[in-house]
Amino acid sequence: MRIGDKMNHWGKHLIIDAASADFQKINDKEYVRSFVVHLLNKIQMVPLAPLWLEYCETNDPKKAGISYVQVLQDSHSAAHFCALSGDFYFDCFSCKDFDVQVVQALLIDYFNPKSLHVTVVIRDSLQRSEATTYTIGARGSSE
């Protein structure tokens, strides 16, 4: 599904909540770093600043894990990976168009989550944002 193909709006915001990904992969900082590099190549985005990637402790141990933020020429990509549950939360906003399916497939290939809850918000200050939400089951089967 390509959402917002015409880019007659300000930008596209992709929000993905993923369940039960591969624990070894989401807890490996170098593996997450390689994902970010691959992501930027696949969606043809240019980093504007160095990648910030750290293990983050929280006041809730169930939410501790690796986080990254990549500032892009056209906006940002960020994610937080929960070390104990395997869940992760991914975000990409850009005024440059990108293919949502390419990002979904890359997340599935890299982290093998049980499911993805996907929200795509088409944003523009001159009109109300429109959102599309759907779920992808294990290994890419639509639910």
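Tabulated data for the structure shown
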item	result
Selection status of residue 138, at pLDDT 95 or above and surrounded by 13 or more Cβ atoms within 10 Å (Cβ to Cβ)	no
Selection within the stretch 5-59 - among the basic types (Lys, Arg), at pLDDT below 95 and closer than 18 Å to residue 70 by Cβ	12
Qualifying residue in the stretch 95-109 (condition: of a type in the set (Asp, Glu), touching an Asp or Glu at 6+ places or on another chain (Cβ under 8 Å), over 20 Å from residue 42 (Cβ atoms) and in contact (Cβ under 8 Å) with a residue 60 or more places away in the chain)	no
Residue selected from the stretch 106-127 under the condition within 19 Å of residue 38 (Cα to Cα) and of a type outside the set (Asp, Glu), by the criterion most open to solvent (accessible area, probe 1.4 Å)	112
Residues (in contact with a Lys or Arg (Cβ under 9 Å, 6 or more places away or on another chain) and either among the hydroxyl-bearing types (Ser, Thr, Tyr) or at pLDDT 95 or above (or both)) located in the stretch 73-82	75, 80, 81, 82
Residue 96 vs. criteria among the charged types (D, E, K, R), open to solvent by 40 Å² or more (accessible area, probe 1.4 Å) and modelled with pLDDT under 95	yes
Where a residue in the stretch 35-47 is at negative phi and its partner, wherever it lies, is in a helix (DSSP H, G or I) and among the hydroxyl-bearing types (Ser, Thr, Tyr), with Cβ under 7 Å and at least six apart	35/110
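The values are calculated or read from the model by the stated rules, or taken from the named source; none is laboratory data. Here the structure is a predicted model, which means the values were calculated and not measured. Here the Cβ is made from the backbone with ideal geometry for all residues, glycine too, and neighbour counts use every protein chain on show. Ligands, DNA and RNA are excluded from the accessible area calculation, which covers all protein heavy atoms including side chains. Shrake-Rupley method; radii C 1.70, N 1.55, O 1.52, S 1.80 Å.
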